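Novice: I have a structure here, written as structure tokens, and I will follow up with some questions on it.
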Amino acid sequence: MTKLKSFRLGEDQDLVIDGKRQISMIDGKDAQKQRLRLRLGTHLQEWFLDTLLGVPWMQLLEKGTPEVLIRTEITKALHRDSEVERVLELIIGQLNEKRQLPIDFTVLLKDGSKLTESVEVNL
């Protein structure tokens, strides 16, 4: 497996600068977790360089959208990641007053390891 390396993003989704005034980097599981959090937090077609990145949140936010459709779209977004073999667990919480949707997931990676992460998607 290729060692993943990425810029570290803070909670505000901005680059993190370390004490030496350098852009902070992450790799391994931290980079994979960050990449999956970004994938779920991006609206489909929002990023012009990868129009398949993200979840079609605008269509899913319509009243009466069945939970099974929301679950399917989130699962598809996770599967689009090149390192994800299978989604093992997916828990979708309730949309809160800040319009954040909590999502907990566990995925099986292609290297055989499991990765568990939580994300609050801003809608």
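Novice: Over segment 71-123, consider all pairs of different Cα atoms and compute the Kirkwood hydrodynamic radius from their mean reciprocal separation; express it in Å, one decimal.
Specialist: 11.6 Å
Novice: Next question. Starting from 0.36 nm per residue, how many nanometres of slack lie between residue 6 and residue 109 once their C-alpha separation is accounted for?
Specialist: 35.3 nm
Novice: Next up: Starting from segment 20-93, pick out the chymotrypsin sites (Phe, Trp or Tyr not before Pro) whose DSSP state is loop and whose Cβ has at most 13 other Cβ atoms within 10 Å.
Specialist: 47, 48
Novice: So what's the chain giving for Cα Rg divided by 2.2 N^0.38 Å, two decimals?
Specialist: Values: Rg = 15.0 Å, N = 123, 2.2 N^0.38 = 13.7 Å.
Taking the Cα Rg and dividing by 2.2 N^0.38 Å, one obtains 1.10.
Novice: Quote the charge dipole size of segment 38-80 about the Cα centre in Debye, to the nearest 20; the model charges only the Cβ of Lys and Arg (+1) and of Asp and Glu (-1). Write out the running numbers ahead of the final one.
Specialist: Working: 5 positive and 5 negative charges, 25 e Å.
Approximately 120 debye in magnitude.
Novice: Just flag the trypsin sites (Lys or Arg not before Pro) in segment 6-82 sitting in loop per DSSP whose Cβ has no more than 11 other Cβ atoms within 10 Å.
Specialist: Passing sites in segment 6-82 are 20, 21, 63.
Novice: Hey, another quick one. Give the angle, between 0 and 90 degrees and rounded to the nearest 10, that separates the Cα long axis of helix 28-41 from the longest principal axis of the Cα atoms of the chain.
Specialist: 40 degrees
Each value in this text was obtained by applying a stated rule to the coordinates, not by laboratory testing. Everything quoted here is computed from the prediction, not taken from an experiment. Note: ideal-geometry Cβ built from the backbone for every residue, glycine included; neighbour counts use all protein chains shown.
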